[in-house]
Structure formats: C-alpha cells, structure tokens
Amino acid sequence: MDQQVTVVIIEDHPVVTEGVASWIRSDPGQRVRLVRAARDLTELRAVPRPPADVVILDLELLGELVTAQIPELVAAGYRVVAFSGHSDPVIVMETLDHGAHAYVSKEEGREHLVEAVLAAAADRPYVTRSQARAILADERPARPTLSEQERQALLLWFQGMSKASVGRRMSISENTVRQYISRARAKYAATGRTAPSKDALLARAIEDGVIKPGEILPYTSFARAAADHPSAGQPSADHPSADHPSEGAPGR
Amino acid sequence: MTVIQPTTMMSGRYQRAFTIAVVVLVAGWHLAGAGGQLLDYRPAYGSFAFQGAMWLVMALAIAAGSVLVLRGALGWRAAWVVALIALAASTAAAAASPAGQMLAVNWAWGSAGWTGVLVLVRRRFAELAWFLAAVALATLGVQVSDGLNRADLAGFLALLAWSTGGQVAVAAGVRALDLAAGQAATAAASEHAAHERAATAEIIRVARHARWLALQESAVPLVAELAAGTADPGDAQVRVRCAVQAARLRRLLAEGDEVAGSLVHELHASADVAERRGVAVEIETAGALPHVPGPARRVITDAAIAILTAARSQARITLAVVAAGIAVSFVADTGAVVALPAAGEGVAIEQQEDDGMLWAEARWTSR
C-alpha cells in the first residue's frame, strides 16, 4: 500500500490508547498512522469532521455502551473497528449488525488490531476469534446459512489454530481457509439492518471473488440496501442521524 | 415453567371434593326439598306460574354458581351477584305467597340460604352471616307486612333455627375440613421432602465413595511412594505424576459441586494446577452448551489434564456446540503429541501437532 491508512481512536482509558499507539508504531511496514485520539465521540461530530479512514472504537466509554452510535459513524463515512473488553457474543453480533467492520477483543488486540484496521480500510472482511465465536453461537432465526466447510473453518479458527493449521486439518490451502471465513463474514453483511459499510464490504467481497451474488441470501436485501444508500461509502454532509431509513429492517 | 407444590395439589384435591359435596347438597335441596314443597302446595299459591318462574330463576342461579365454583372462577363480584339474585327470587316468592300461609308454603327461603352457602362458603364467614341474615330479615319483613301474630313469630323462629342453623353448620364444617386438608397436605409434603433429602444424600454418598475409590487407585500409591522414598520429587517424571494427581484432586472436588455448566466448572478446576505452574490458560465457550453426562465429562477432563500437564506456557480450551453434541478443543504449546486417555462414553478424541503447537479435540455426541 503506497499511502498510510489514517486512524482515529476513541478510548476513555489513556493507557489503552498508549498501547494501541505502540502497536501501530511497531508495525514493520508503518502501514497505519494514528491521526487523533479522543476520549469520547464529540470530536468526531464536529463539522468539518476530522478526516480518517478508520475509527477504532472502544465500545464502552465512561461506563456506557456505545454500540448504538456506530451507525452514525458509519453514515459519516468512517469504517469502524470495535475494540472492546466485552466478548459477549450478543454484543459482538450487535456491533457487526450496526455496521462495524470488525470486532477485536482487548485480549486479541496485539495480534489482530492493526490487521483489522488495514482490512477495514480496504473494505475487506476480518474475522477475529471472538467474532468466530459469536457467529458459531448465533442462534437467531434470521442468521445466514453457513456451509459445513465455512462452519468447520470458523470452529477450528475459534478453537485457536493458526489458519495454516486449519488448512492442514481440513486438507485445503490456507488461502481457501481465509476464503471460507471471509465468506461467512460477508454473509453476515447481507443480513440485518442496512449500512453503507456492509454494502461496501459485500461489494468488495464480490469483486474479490470471495462470494458470488447468488450465495447471498436473501439477495434482495443487498439490492434494497444499495438503493437506500446511494452514497454508500462516501462521507455524508447530512446530519447522520437523519440517515437511517432502515432501522427495524426485516431480519432484526 | 410453573411448578405445582405437592402441598397445594393435595389440599386442592380435598377442597374440590368438599366443593362437589356442597354442590350436590344444594342442588339436591333445591330439586327435592324446595321443588317437592312447591308441587305439594301447588293449589295454595295465587299464581303457581310465578312461583315456578322464581324456582327456575333460583335453579339457574344455583347452576351458574355451581359451574363457577367448580371451575374455581368465582370472584367476589360473581359470588354476590348469584347470592343477590337468590335473595331477590326468595323475597319475591315469599311476597307472592298467600298471606296467612306464607311460612308454611315458603319453599324459597331454604334454597336462597343454600345458594348463599354454595357461593360464599370460602369467603369471609361474616359475608355468609350477613347474607343469611338478609334472607331471614327479608322473609320476616314479608311476614310483618302480612301481619305478625305470636304463632307466626314462633313459626318463623323455628324455621330460622332449622334452615339457617343447618346452613351455618355445613359452612363451618367445610371450613374445618379445608383446614384439616391443608394440614394433612403440609404433613405429606414434608414427608415427600424428607424422602427427597434421603435420596439426594444417597446419591452424594455413592458419588463420594466412587471418588474415594478413584483416589485409592491413583493418588494413594503416589503418596505412599513419596512417603517411602521410592519416588524422588527431584525426578521430572514424578513431578508430572504429582501434577496430574493434583489436578485430579481439584477435579474431584469440583465434581462434588453439581452446578449448571458442570463441564466448564470442572475444566476450570483441571486448569487450576497448570495455572499455578505459570501456564496461561483461557477457557471460552460458544453457544448454549448441552448437558454432558458425568462419565463423558470424566473422559474429557482426563484429556484436559494430560494436555495441560504437558503445556509449557499457554493453553486455550474452547467448548462449542456442534450437531448433537459438544466439541471441547485444546490448543497448547506441548511441543509434541500427548498420550491421551482412551476415547469412550460417546467421546471421540483427535489430535494434530504443528510446529510445537498441539491441537486436540474431544467431541461428545449424544447419539
């Protein structure tokens, strides 16, 4: 990547911000640049909004869960990577459903945060073990249907194997393992409430050949989502809260 | 889920029997007693049709009251509506009776009182008393307006003693029986609880005995060897055996606590010894885990103990719901494959080693 990915961190504990900054600094490729750190969402709501590709969002700010603010950030054109001490599958699912690109638990930060930020900036799926866990635990009636192979890859990944080991176990290449896991994630982007970030992720997954349009069920929801958000992926000048026509969309 | 206590169930059964007895008594009285009297004095009434209509109104009130009482759906409002209909029918029937013969031909007073017993018997006693008093006063009022001489008053008092006395006696009897049934049921319930305690104590005793036998086989010989000096604590093999036995002891203690999620609890206990050794152990679950029977949990925790004992610095244990069962997996830096206990009890065990990292999975299926 020629250009650095710019990132803002919203985190109420300075020591965590310091830790994230040090992970970003120690990335050998220097692929990410931290442009701002804030303790709450006020700065991101200022006009003009600070330019950044990705927001690393602590889900609990000053004792309050902020998952419901994710659509606002997404509508403003930011890609959101949730970074949280919570690993409850219900919270993980809600975070993704609100349009966050990825979910990284604080235990997984060192290994996964920078990679998740880079994947989000490119609209590519990134599935941490805590996300795999939430998908495996998902029993909502509206959950997408995963193939046996996708489930098995997610299970072995959740269990703690490296993707190379998962590949050996399943007698497939590491690349195919990534493909299965990414496809499962992309299927989730096609369900639940609509969000420009989910559309972007799906469009990129189709472009990358991770998933075929026919594999997304129901495909109609993607088409409708695109119609609802003609400016998908672009920063919006409107007040963001006026831009959620799809709250309470089917599948919730 | 609603759990019906045996006490409630049993005293409920008795109460229902008493209710049925009262219904039969009241209906029998109205049909045979009041109905018979009505037919006997048929020529005496000014309008037999009106008396017949009042008898029917009373019969309907009794039928409605009976249905409500038997269904247990009688609120205070419905009870008093039925009672007041009976009072009105009784008073009307008395008022329409020929003046001099009212007390002799009155079929309705008794029926009204019994209807009151039917619907008010399980309410406060004062309500029934007020109702019976109101019926008696209404009848007396009719008698007074017809003209009251000494003989009439004596007749009224005799009838009052006979009919109202019987009604009060039956109502008091039902209440006493209700009370006795409640006490009997409470006694039966405490006997039931005592049986359950005894059964639980027996299960605990058997489990303790099994644990004691398990210790006899494994930990006791090791302790004996250490005491005799034939096992050297400086020997790495002996230390591994000690670690395994320590983990088993912790698990045995954990098995005593039958808590929800027993398997997770026992895995935590099995991990305890490894954690004291400085191995970072994380345990995560995915999905609502099914209950795994004790023997299968044994196989799984044995595998956990073997792997955790071999782990150098880190281990991850995960439990995930899979089709018809549960997959418990271990990823640990053991450096090599580990000798795992034999599969069985519905548990299949697999392992794979890659670059010093061991992956093992114990999969239990209910089929």
Subject >> Identity of the residue in segment A:138-155, outside any loop (DSSP other than H, G, I, E, B) and buried (at least 20 other Cβ atoms within 10 Å of the Cβ), that ends up nearest to the other protein chains (Cβ to nearest Cβ) >> reply: A:Leu155
Original post:
For B:Trp212, all conditions in the list (1) at pLDDT 80 or above; (2) more than 34 Å from the chain's Cα centre (by Cα); (3) loosely packed, with under 13 Cβ neighbours inside 10 Å hold save one; what is the number of the exception?
Top reply: (1)
Original post:
Counting just the residues of segment B:182-209 that are under 22 Å from the mean Cα position of the chain (by Cα) and among the β-branched types (Val, Ile, Thr), which one comes out farthest from B:Gly12 (Cα to Cα)?
Top reply: B:Thr200
**OP:** Can you tell me which residue within segment B:191-247, out of those that are of a type in the set (Asp, Glu) and not in a helix (DSSP H, G or I), is farthest from B:Val281 (Cα to Cα)?
**Re:** B:Asp232
Original post:
In this structure, does A:Arg133 turn out to be surrounded by 24 or more Cβ atoms within 10 Å (Cβ to Cβ), within 14 Å of chain B (Cβ to nearest Cβ), among the charged types (D, E, K, R) and on the phi < 0 side of the Ramachandran plot?
Top reply: yes
Subject >> Failed condition for A:Gly209, given (1) assigned to a loop (DSSP other than H, G, I, E, B); (2) within 14 Å of another protein chain (Cβ to nearest Cβ); (3) over 27 Å from A:Glu72 (Cβ atoms) >> reply: (2)
Subject >> Filter result for B:Leu103 (surrounded by fewer than 23 Cβ atoms within 10 Å (Cβ to Cβ), part of a helix (DSSP H, G or I), of a type in the set (A, V, I, L, M) and modelled with pLDDT under 90) >> reply: yes
Subject >> Matching option when the condition is of a type outside the set (Ser, Thr, Tyr), at pLDDT below 90 and in contact with a helix residue (DSSP H, G or I) (Cβ under 6 Å, 6 or more places away or on another chain), among B:Ala108, B:Ala112, B:Ala79, B:Ala86 >> reply: B:Ala108
**OP:** Determine whether segment B:337-354 contains at least one residue that is under 36 Å from the mean Cα position of the chain (by Cα), under 30 Å from B:Ala201 (Cβ atoms) and of a type outside the set (Lys, Arg).
**Re:** yes
Subject >> Residues satisfying the stated conditions in segment B:106-162, i.e. more than 19 Å from B:Ala64 (Cβ to Cβ) and touching an Asp or Glu at 6+ places or on another chain (Cβ under 7 Å) >> reply: B:Gln143
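Yes/no matrix, rows are residues, columns are (1) in contact (Cβ under 8 Å) with a residue 40 or more places away in the chain; (2) surrounded by 13 or more Cβ atoms within 10 Å (Cβ to Cβ); (3) in contact with an Asp or Glu (Cβ under 7 Å, 6 or more places away or on another chain):
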residue	(1), (2), (3)
B:Val223	no, yes, no
B:Ala227	no, no, no
B:Ala231	no, yes, yes
B:Asp235	no, no, no
B:Arg239	no, yes, no
B:Cys242	no, yes, no
B:Gln245	no, yes, no
**OP:** Looking for whichever is within 11 Å of the chain's Cα centre (by Cα) and not in a strand (DSSP E or B) here; the options are A:Arg110, A:Arg124. Which one fits?
**Re:** A:Arg124
Subject >> Filter result (of a type in the set (Val, Ile, Thr), outside any loop (DSSP other than H, G, I, E, B) and away from chain B (no Cβ under 14 Å)) within segment A:176-206 >> reply: A:Thr176, A:Ile181, A:Ile206
Original post:
Can you pull out the strands (runs of 3 or more DSSP E) entirely within segment B:260-361 that have at least 3 residues that are away from chain A (no Cβ under 12 Å)?
Top reply: B:347-354
Original post:
Looking only at residues in segment A:164-175 that are away from chain B (no Cβ under 11 Å) and closer than 17 Å to A:Tyr126 by Cβ, which one is surrounded by the fewest Cβ atoms within 10 Å (Cβ to Cβ)?
Top reply: A:Asn175
Original post:
Here are some conditions: (1) closer than 24 Å to B:Ala176 by Cα; (2) free of Cβ contacts under 8 Å to residues at least 12 places away in the same chain. B:Leu68 meets all but one. Which one does it not meet?
Top reply: (2)
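The values are calculated or read from the model by the stated rules, or taken from the named source; none is laboratory data. Every value quoted in this text rests on a predicted model; they were computed, and no experiment measured them. In this analysis, Cβ positions are derived from the backbone assuming ideal geometry, glycine residues included, and neighbour counts consider all displayed protein chains.
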